[in-house]
Amino acid sequence: MRDEFERVFGAAPTGVWAAPGRVNLIGEHTDYNDGFVLPIALPHAVKVAVAPRTDGRLRLYSAQGDGRLTDVAVADLAPGAVAGWASYPAGVVWALGEAGHRVGGADLYFDSDVPTGAGLSSSAALECAVAVANRDLHGLPLSNAELAKLAQRAENEFVGVPCGVMDQMASACCTGGAALFLDTRDLSRRQVPFRLAEQGLELLVIDTRVKHDIGDGSYAAVRNGCERAAEVLGLPALRDLPAAELEPALTRLPAELVPLVRHVVTENDRVLRAVALLDQGDFAALGPILTAGHASLRDDFRVSCAESDLAVAEAVTAGALGARQTGGGFGGSVIALVPQELTEQVGKAVTAAFRVAGYSDPALFTATAAEGARRLG
């Protein structure tokens, strides 16, 4: 990567940083409702090689891009000033400046093996890699959690995507061999052991190849519905509705908001049950919780798609202990908890079902809980 940086920019980088993509085991769409989530970081990561500049220019190049260099003055950064993939790293530099941190110009070369459009949070990985690189280069007194909040601000205000903070917190704060039990209201968190191999299990990721883009308005519409429901119920957020009070509360809502509230409240409860099982070391019992979560995403939140539904159904039929869509929805990936000896069988069954349905073959890989954002050298 250093050689490629020098080829593009004509000098050696100061260092190389990485930040991972993520899958969320359970808790989808509770992050912007101040709820609980349980993600793991993927081994797949965005890497960035960086060298500071003294002329105030920010130059961005991606190995996965179209070969063009984005060149913009840091002083000119503002929402709408940069388009496409480059808006994510540029937005982080902008957010750092808005928070009062002087970061200056830099050359940045990106390389990534996080699948884009697969609901695996490639955008948050891009943001967090830039955030930790700038923190380290400029000696900024910021924790990884504080960097995650700034990365979220970049995506919300600079890029214009109203995401919650889960993706950035997962990319910045996960540790190897653990899932991150995160309270998105106060960012309190705990690392929960998640070493599936010790119990003969694997987490199979099934990329449906259906393009996932939460910037297209669908995600925002769902979020707006949740916020409107909280307002009708007189709550700061749907997180504040106890599961025991769900049914009476649903009678006070317009019909179109009922399924949204039901999903958020029951999903929060599923996160708490999942954490309790992992704490007990009963990883296999997580399977039915995953499947129940997908049914709620499909029937109440209505953010799945035909390919995701087929992947879940076929995976469970072929021997997975449970499966669900992960990511913002409307495409992306499915995760399946699978006994190691059945992983190949489950993958083949899903692929065969996709072919019968006339869909493109899914991409398959197994995921382990990896380290969060860090300097590589």
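The values are calculated or read from the model by the stated rules, or taken from the named source; none is laboratory data. What you are looking at is a predicted structure, and each value in this text was computed from that prediction instead of being measured. Virtual Cβ from ideal backbone geometry, glycine too; neighbours counted across all protein chains shown.
One residue is enough: does region 152-175 have a residue meeting the conditions part of a loop (DSSP other than H, G, I, E, B) and within 20 Å of Arg375 (Cβ to Cβ)?
Yes.
Here's the yes/no breakdown for (1) assigned to a loop (DSSP other than H, G, I, E, B); (2) closer than 21 Å to Glu371 by Cβ:
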site: Trp17; (1), (2): no, yes
site: Ile40; (1), (2): no, yes
site: His44; (1), (2): no, yes
site: Ala51; (1), (2): no, no
site: Arg59; (1), (2): no, no
site: Gln64; (1), (2): yes, no
site: Arg68; (1), (2): yes, no
site: Pro79; (1), (2): yes, no
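Consider Tyr88 carefully, then state whether it is outside the structural domain of Arg324 (by TED's automatic domain parsing), within 25 Å of the chain's Cα centre (by Cα), part of a strand (DSSP E or B) and hydroxyl-bearing (Ser, Thr, Tyr). Answer is no for this residue. Evaluate the following for Ala129: is it within 26 Å of Phe365 (Cα to Cα) and buried (at least 23 other Cβ atoms within 10 Å of the Cβ)? Criteria met by Ala129.
Among the residues of region 335-353, the ones that are over 30 Å from Glu127 (Cα atoms) and in contact with a helix residue (DSSP H, G or I) (Cβ under 7 Å, 6 or more places away or on another chain) come to 5 in all. Name the single residue that is surrounded by the most Cβ atoms within 10 Å (Cβ to Cβ) among those in region 191-239 being assigned to a helix (DSSP H, G or I) and of a type in the set (Asp, Glu). Checked region 191-239; the qualifying residue surrounded by the most Cβ atoms within 10 Å (Cβ to Cβ) is Glu227. Residue count for region 111-126 satisfying the condition of being in contact with a strand residue (DSSP E or B) (Cβ under 8 Å, 6 or more places away or on another chain) and either surrounded by fewer than 23 Cβ atoms within 10 Å (Cβ to Cβ) or assigned to a helix (DSSP H, G or I) (or both): 8.
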